[in-house]
Amino acid sequence: MAGMLLKCMFFFVSVCLAINLAKCSPNSKKTYIIQMDKWAKPDVFVDHVQWYSSLVKSVLPSTPEVGKTGNEEERILYSYQTAFHGVAAQLSEEEVKKLQERNGVLAVFPEIKYQLHTTRSPLFLGLDREDSSKLWADRLSDHNVIVGVLDTGIWPESPSFNDSGMTSVPSHWKGVCETGRGFEKHHCSKKIVGARVFFRGYEAASGKINERGEFKSARDQDGHGTHTAGTVAGSVVRGANLLGYAYGTARGMAPGARVAAYKVCWVGGCFSSDILSAVDQAVADGVNILSISLGGGVSSYNRDSLSIAAFGAMEKGVFVSCSAGNGGPDPISLTNVSPWITTVGASTMDRDFPATVELGTGKIVTGASLYKGRMNLSTQKQYPLIYLGSNSSNLMPSSLCLDGTLDKASVAGKIVICDRGISPRVQKGQVVKEAGGVGMILTNTAANGEELVADSHLLPAVAVGEREGRAIKRYASGRSATATLRFLGTKLGIRPSPVVAAFSSRGPNFLSLEILKPDMVAPGVNILAGWTGALGPSSLPIDQRRTNFNILSGTSMSCPHVSGIAALLKARHPDWSPAAIKSALMTTAYVHDNTYKSLKDASSVTPSTPYDHGAGHINPRKAVDPGLVYDIGAQDYFEFLCTQELSPSQLMVFGKFSNRTCHHSLANPGDLNYPAISAVFPEKTKLSVLTLHRTVTNVGSPISNYHVVVSSFKGAVVKVEPERLNFTSKNQKLSYKVTFKTISRQKAPEFGSLIWKDGTHKVRSPIAITWLASV
């Protein structure tokens, strides 16, 4: 018996080793993105696609491998020709090395896997107020703005995409409506003006898509894409709700705008070659705004294919909004940090979905839930309460309620306490239900703090904060612990709000401390928007409920809020650049909640900083008339890159499209004309004075007189020259400089603001001062 076991183990190890060796073989093929110098194309080639094909063919072995064609056309997945120039191709390591030596090859990027950063918000943002009706009147020009949404596709039957009353599709639109299983030409409309799918990179990495189990078309079976598209530009829908929760009128931020759906995410994730192709195609199609609620970590600017593509989109006048990521509250957890990308963090609204836990002692703990189902607990009865973890801070598989970890004999008929983490929140409830539990109390850990995220659970369940969670677990460790759960519906007027979400990724931007990120925060907690008809609101396959709307949380939800507001600004100010739109959003953002106190961090319940909230919370009604804007052109961004210690060949990935070269107009990376100001004193303590420069453009009244107000700091004296800016015409530009003089180097960064005031406008820039410590 022992000999047979040894043989089986040897066979298993041999198979695993063979598989791993095959994966590591220099001849195994992976997807690479090859960026090309479009100007280096030899005249012998008719077009760039023919040239790219020839280059790929030149590095392939002359004799095809057994069972494979080796054909260059089969190796090439995509050709990029608008926001990015080059190809995505499947190559071996040896072939990549050969290709890098070829003339015209600027850079080679390995495929990267990205992840999704998963209707009261219009009213909360002031978009439904009576006094804003003139400000945001639904004009015909609003209908000319097209937002490209890169996501999981779209559910065209959602009432959020009703095109009643919309004008014909704008003449500048060049996109198409691709058909496939479940998606026909008629599914596009005057609201959904285009739909495309991008899957070649995904299939190259993960194998063919199972078309029986997944729509290989623009139809959204996940729900995420429908939700983000509805948040951006959903039509007005009265009586919208999720199982009775959040009942009211739902609408996107820009209900008059059009949507173009670019499906780049599939069951197994989203791949960079597909995303890059979607960005490239969207710009060629004629989108005005790109909304991208996904991320894949942080790479240097010249190694980040999405950053490079976004640079190309910006050059074409396209505003690019991306989610900051859900890595909070850990510091330095941001993604999508390039200065030409608008990086959006998440915050709460003044709406909540309260639920309570009543313990056997009579104590009542308030939490949150979206539970609505047939299985209900009597509020007149107490149920046994159990926690299958220890009282230490160490989490266990059973305390996390992971699949297969709960003993049915111990759990049956009881309310189970589950720690948040590892598995999806709603899945924990399903594990409890399958084990015979009658309810769940989901407790936050230190990573989540006191932030409450409501979920549409499949059994009675309430989420509670970490502090109350610890107390409930202590109570449950005693004998005869009991509890019951009560669900209280929807509550408005929550104070304080907004609050920075605990999950929202945090700065600083470690690629460039001089560029303060995130740029801003927007509603991203418990957001109601359109939903797929292919999946229940819990997103679990077992959930047979179907709803037109769902409530989700994440920076994936905050990003489309900003994308939609950017669409409104573009309609109102069609001549504004992407940088001008971002500036208007940042300089009018607010940093106080509805109790008139500083914005708070949900994870610590202490005041947040610009590393958490950026310039602040978006304020659309102010952004339409910001007074002044900090404009930045493509060459200005390139000059910033020239300060980032990139080699000439690394800079070429950004400069070749327009033959850009360094003019060395920025003495310091912090001199980029960014709406936020970050002064970084290097480790050399002798440098005690730092001067940064800014230029503002008057977009308000022709005759405008501004004076400056700047915060006081412990570690430095800040002087602004001149202290007054007197404009005599619209679009006039005036410059000023900010001098920081160190009086006492601080161990931690200091934060404040610089505000230009003219009696009507307050043009606010956050300030961060950092003294780098000697190692």
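The values are calculated or read from the model by the stated rules, or taken from the named source; none is laboratory data. Treat the numbers as computed from the prediction; the structure is a model and nothing was measured. Neighbour counts are summed over all protein chains in view; Cβ atoms, including those assigned to glycine, are modelled from backbone coordinates with ideal geometry. The protein model used for the area step is the full one, side chains on, heavy atoms only, and it has no ligands, DNA or RNA in it. Shrake-Rupley method; radii C 1.70, N 1.55, O 1.52, S 1.80 Å.
Using every Cα-Cα pair within the stretch 601-705, state what percent have a distance larger than 18 Å. For the stretch 601-705, the fraction of Cα-Cα distances above 18 Å is 66 percent. When the Cα gyration tensor is reduced to axis lengths a ≥ b ≥ c, the ratio a/c is 1.5 or higher for the stretch 539-625, and with a/b not above b/c it is classed as oblate.
Over the stretch 370-410, the fraction of Cα-Cα pairs per 5 Å bin, rounded to whole percents and listed from the shortest bin up, is 5, 17, 18, 17, 23, 15, 6, 0. Tell me, Kirkwood radius of the stretch 208-364 from alpha-carbon pair distances, in Å? For the stretch 208-364, inverting the mean 1/r across all distinct Cα pairs yields 18.3 Å. Taking only protein heavy atoms and a 1.4 Å probe, the accessible area of the stretch 466-537 is 49% carbon and sulfur. A Stokes-Einstein calculation at 37 °C with viscosity 0.692 mPa s, built on the Kirkwood radius of the stretch 635-775 over Cα pairs, returns a diffusion coefficient of 195 µm²/s.
The gain in end-to-end length when the residue 683 to residue 316 segment is fully stretched comes to 128.2 nm, 0.36 nm per residue minus the alpha carbon separation. Judged by the mean number of other Cβ atoms found within 10 Å, the most tightly packed of the peptides 408-421, 286-299, 746-759 leads the ranking 286-299, 408-421, 746-759.
Pair-distance distribution of the stretch 429-580: all C-alpha pairs, bin width 5 Å, starting at 0; shares per bin in whole percent are 2, 7, 11, 15, 17, 15, 12, 8, 6, 4, 2, 1, 0, 0. Under 19 Å of direct C-alpha separation, and excluding same-chain neighbours fewer than eight residues apart, residue 208 reaches these lysines: 23, 29, 30, 68, 113, 216, 263.
Converting the Cα gyration tensor eigenvalues of the chain into ellipsoid dimensions via √(5λ) gives semi-axes, longest first, of 40, 36, 28 Å. Within the set of other residues whose C-beta is less than 15 Å from the C-beta of residue 606, count the net charge using Lys and Arg as +1 and Asp and Glu as -1. In short, -2. Other residues within the sphere of radius under 15 Å centred on the Cβ of residue 687, judged by their own Cβ, net out at +2 (K and R +1, D and E -1).
Normalised size of the stretch 511-669, defined as Cα radius of gyration per 2.2 N^0.38 Å with N residues, equals 1.33.
Computed from point charges on the beta carbon alone (+1 for Lys and Arg, -1 for Asp and Glu), the dipole magnitude for the chain about its Cα centre is near 1480 Debye.
Computed over the stretch 292-413, the range of Cα coordinates on each principal axis works out to 64, 32, 27 Å, biggest value leading. Compactness of the stretch 360-502 was expressed as the Cα radius of gyration divided by 2.2 N^0.38 Å, which yields 0.98. When the scattering of the stretch 582-659 is computed by the Debye formula from its Cα atoms alone, each counted once and equally, what is log10 I(q)/I(0) at q = 0.15, 0.21 Å⁻¹? Scattering profile of the stretch 582-659, log10 relative to I(0): -0.73, -0.90.
Local charge for residue 189 was computed over the other residues whose Cβ lies under 13 Å away, with Lys and Arg +1 and Asp and Glu -1, and equals +1. Candidate cross-link partners of residue 517 among the lysines, defined by an alpha-carbon separation under 18 Å and a same-chain spacing of 8 or more, comprise 582, 600.
Over the chain, DSSP H runs of length four or greater, each weighted -39,500 (n - 2.57), average out per residue to a 222 nm ellipticity of -6500 deg cm²/dmol.
Accessible surface area normalised per residue over the stretch 168-320 is 30 Å², counting heavy atoms of protein chains with a 1.4 Å rolling probe. Taking a straight line from the alpha carbon of residue 714, these aspartates and glutamates sit under 13 Å away, with near neighbours fewer than eight places off in the same chain left out: 750.
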